[in-house]
1. Does at least one position in region 76-87 carry a residue that is open to solvent by less than 30 Å² (accessible area, probe 1.4 Å) and at pLDDT below 80?
2. Can you tell which of A98, A11, A35, A24 is open to solvent by less than 30 Å² (accessible area, probe 1.4 Å), at pLDDT below 55 and in contact with a Ser or Thr (Cβ under 9 Å, 6 or more places away or on another chain)?
3. Taking region 184-215 as the search range and keeping residues that are among the small types (G, A, S) and not in a loop (DSSP other than H, G, I, E, B), which one is nearest to A174 (Cα to Cα)?
4. Scanning for something assigned to a loop (DSSP other than H, G, I, E, B), in contact with a strand residue (DSSP E or B) (Cβ under 9 Å, 6 or more places away or on another chain), within 23 Å of S184 (Cβ to Cβ) and of a type in the set (S, T, Y), does region 150-167 turn up at least one residue?
5. So is T66 at pLDDT 70 or above and open to solvent by 40 Å² or more (accessible area, probe 1.4 Å) or not?
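The values are calculated or read from the model by the stated rules, or taken from the named source; none is laboratory data. Please read these numbers as outputs of a predicted model, since none were measured by experiment. Here Cβ is always computed from backbone atoms with ideal geometry, including for glycine, and neighbour counts include all displayed protein chains. The protein model used for the area step is the full one, side chains on, heavy atoms only, and it has no ligands, DNA or RNA in it. Shrake-Rupley method; radii C 1.70, N 1.55, O 1.52, S 1.80 Å.
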Amino acid sequence: MNRSSLKMWSALGVFSMVGAAAPAVVAETASAPSAAGQDEFAGGSLSHALDKVFAGEGGEGGLGFTKMTRAFSVPALTTNQLRQVFTGNTLGQSGKIAAHLRPDGKVEGWHNVDTEVKFERCPKVNAEGDGLFIHDETQCMQRTFTEFKNATWSIKGDQLCLPKAAVAAGEGTACYYAALVLNSVVVFGEDGKMEGKGNSLWRGSVVPKMPAANK
């Protein structure tokens, strides 16, 4: 059992929306540069930026950021950029989520399901394989895994629509703006709130064997 508390991750601190037509994640309270352009990615192109992501070197050159000054932004991906980034690739978190976004619009893979159980079920001594962990020091949770069933994904306007379980947690589907932040993909809604803590992106179908259900 992992007794460490789960905390929300934030890479940039302050987030705000900048214009309905060109949303962006913004660090510091200042006017953001224009929407994403080819020169706003490491190496000058999105293709080069993706190569860095897939190679695990997204931090080189400030991937995903506009030119860095005292105030900088992380532009949301445009419709064409969303297609280039996600079509046929895999989104997820190692050991937690693996969602292959197939070119035909279907999602294959698996995701975790965290269910609250009686607090006394969480033992004081760590136990491997029981799936139990303490959340925020107040809840005892048990983690199991399940496959995506009849799940689909799509791109609508400048938003990525996919199962909520593919990015964080929850049932059903939702549409998000998406941005590259170093080696991660972050998604956020109209209110500028980031969902989850950021996911990894892998080239092609990278769906390892689903972890065994914890009993």
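1. So far as region 76-87 goes, no, none of its residues is open to solvent by less than 30 Å² (accessible area, probe 1.4 Å) and at pLDDT below 80.
2. Every option except A24 fails the conditions.
3. G196
4. Checking region 150-167: not a single residue is assigned to a loop (DSSP other than H, G, I, E, B), in contact with a strand residue (DSSP E or B) (Cβ under 9 Å, 6 or more places away or on another chain), within 23 Å of S184 (Cβ to Cβ) and of a type in the set (S, T, Y).
5. no
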